[in-house]
Amino acid sequence: MLVVKDLVKTFPVRSGFGFSGPVQTVKALDGISFEVARGEALGLVGESGCGKSTSARTVLRLTEPDGGAALIDGADLFQATGPDLRRLRRRLQIVFQDPYASLNPRRRIGDTLAEPMKVHGIGTPKEWPGRVRELLAEVGLPAEAVHKYPHEFSGGQRQRIGIARALSVGPELLFLDEPVSALDVSVQAQVLVLLNRLKQTRNLASVFISHDLGVVRYFCQRVAVMYLGRIVETAPAEDLLDTPLHPYTQALRAATPTPDPNHKVTMARLTGDPASPLNPPSGCHFNPRCPHVMERCRVEVPALQEVAPGRKVACHLMDGA
C-alpha cells in the first residue's frame, strides 16, 4: 500500500563559533526506496544517525522532503495539499519514541485521544467519549484514564496512550519509531505483544524503526538495513538475520548479544572510523570501515540489486553472485 521512491532529505548545518561559519549540508536521506504491503511489518534498522527516524518523519511530511515520492495506493503524498493531504495522512500515523515527550502534559488523556477525531471529522462530539473509552480498552487501560494527565502514568502506560492516539483515526499503516526503546525490558515485552495483537486484529501495516535486532525478528516480516542515509540490504527477516550478506549487516548481527552464556561471540571486525555525515566518503559510504573494501568501492556507488527472490544488497561483492 505504501511505495517510497528515491526519498531525499537534506538539512543545513552552520559551523563555527556562534554558528556564524559557512553553511554545510547533511544529506540525511540519500535516495532511499522501500515498499510496504497491506498487513506487513517492515523493520528499518541501523545505527543512530543513519536516517531511520528521518525517513518516517519525511514520509509523513512532518519534515518536508527534498526529493522523491511517497505513493499510497498510487496517490503521491508529497504532491497532495489541503483536504487531499489530510485524507492521505489519516491513513498513515506514527507512534513516537519517547512517551514522556510525545504527550501534552497540560491536556487530559480524554482530550488528547479525541483531538485527532475532531481534526479529521470522525464521528460527533456525543460519540467521542465512547470512542475514547473503546480505544483505552483496546490498549489495556481503564476508562478512568480519560480524566488523568500524562504525569500520572508510567512510561509503558504513556506509550499505550500514544498507540491509542495513533489508532483513533483508523489508520492502515503505523510508523513505530523505536516504540519500546525507552521502556524497561518487561514493559517492552507487554507493549510488543499489544502491537502484535493490534497488527493482526486490525490488519495494520507498519514500519518498525529499531536498533534491536531481536525485537525486529519478533515483530517484522521483512527488514531494510540503513547506513548513512542509504539502504544497503533488504530481505525477509529470518534470512537477513540468519545469513546477512552486506558486510555492515554482518557486523550488526555479530554485535547482537545472545542470552546464552556459553555462546562464543565472533565479532565481525570493522576497520577505520565511522564517517561524518557532513563529509561522507565517495563511492560506498561504508568503504572506510569495510573489511572487504576494493578500489571500486571508493569511487562507485553500489546499486541496490536483487541477488535472490525478495532480497536486495547494495555491495560490489554481490556482482555476479
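Candidates L29, L92, L44: the one that is within 17 Å of the chain's Cα centre (by Cα), among the aliphatic types (A, V, I, L, M), at pLDDT 95 or above and farther than 27 Å from R202 by Cβ is L29.
Suppose the filter is assigned to a loop (DSSP other than H, G, I, E, B) and exposed (fewer than 14 other Cβ atoms within 10 Å of the Cβ); does P99 pass it? It is false that P99 is assigned to a loop (DSSP other than H, G, I, E, B) and exposed (fewer than 14 other Cβ atoms within 10 Å of the Cβ). Screening N287 against (1) polar (S, T, N, Q); (2) buried (at least 19 other Cβ atoms within 10 Å of the Cβ); (3) modelled with pLDDT of 95 or more leaves a single unmet condition, (3).
How many residues are in contact with a helix residue (DSSP H, G or I) (Cβ under 8 Å, 6 or more places away or on another chain) and either assigned to a loop (DSSP other than H, G, I, E, B) or of a type outside the set (V, I, T) (or both) when one looks only at the range 26-46?
Final tally of qualifying residues: 7.
Return yes or no: is R61 under 17 Å from A205 (Cα atoms) and either outside any loop (DSSP other than H, G, I, E, B) or at pLDDT 95 or above (or both)? Taking the combined requirement at face value, the residue does not satisfy it.
Residues checked against (1) within 28 Å of L88 (Cα to Cα); (2) more than 17 Å from the chain's Cα centre (by Cα); (3) among the small types (G, A, S):
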site	(1), (2), (3)
G170	yes, yes, yes
E178	yes, no, no
S181	no, no, yes
K199	yes, no, no
V207	yes, no, no
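From the list S206, S276, S282, S210, the one residue that fits, being modelled with pLDDT under 95 and closer than 30 Å to G140 by Cβ, is S210. Just one residue in the set R106, R131, R87 is of a type outside the set (A, V, I, L, M) and surrounded by 14 or more Cβ atoms within 10 Å (Cβ to Cβ); that residue is R131.
Once the range 305-317 is narrowed to residues that are in a loop (DSSP other than H, G, I, E, B) and either modelled with pLDDT of 95 or more or of a type in the set (S, T, N, Q) (or both), the residue that is surrounded by the most Cβ atoms within 10 Å (Cβ to Cβ) is C315.
Yes/no matrix, rows are residues, columns are (1) out of contact with any His (no Cβ under 8 Å at 6 or more places or on another chain); (2) without any contact (Cβ under 8 Å) to a residue 60 or more places away in the chain; (3) not β-branched (V, I, T):
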site	(1), (2), (3)
D6	yes, no, yes
Q24	yes, no, yes
G31	yes, no, yes
E40	yes, no, yes
S53	yes, no, yes
R86	no, yes, yes
R89	yes, yes, yes
R107	yes, yes, yes
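One line per residue, one yes/no per condition, for (1) buried (at least 21 other Cβ atoms within 10 Å of the Cβ); (2) touching a residue at least 24 places away in the same chain (Cβ under 8 Å); (3) among the aliphatic types (A, V, I, L, M):
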{"residue": "V187", "(1), (2), (3)": "no, yes, yes"}
{"residue": "V191", "(1), (2), (3)": "yes, yes, yes"}
{"residue": "L195", "(1), (2), (3)": "yes, yes, yes"}
{"residue": "H211", "(1), (2), (3)": "no, yes, no"}
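Being part of a loop (DSSP other than H, G, I, E, B) and surrounded by 14 or more Cβ atoms within 10 Å (Cβ to Cβ) is the filter here; which residues of the range 109-122 pass it? Answer for the range 109-122, where residues must be part of a loop (DSSP other than H, G, I, E, B) and surrounded by 14 or more Cβ atoms within 10 Å (Cβ to Cβ): H120, I122.
For Y218, the criteria (1) touching an Asp or Glu at 6+ places or on another chain (Cβ under 9 Å); (2) surrounded by fewer than 23 Cβ atoms within 10 Å (Cβ to Cβ); (3) assigned to a helix (DSSP H, G or I); (4) not basic (K, R) hold in every case but one, which is (1). So for the range 163-170 (the condition being in a helix (DSSP H, G or I) and surrounded by fewer than 20 Cβ atoms within 10 Å (Cβ to Cβ)), does at least one residue qualify? No, the range 163-170 has no match at all.
Among the residues of the range 221-234, those identified as crowded, with 22+ Cβ neighbours inside 10 Å and in a loop (DSSP other than H, G, I, E, B) are L228, G229.
The values are calculated or read from the model by the stated rules, or taken from the named source; none is laboratory data. Model, not experiment: these values are computed from the prediction. Note that each Cβ is placed from the backbone with ideal geometry, even for glycine, and that neighbours are counted across all protein chains shown.
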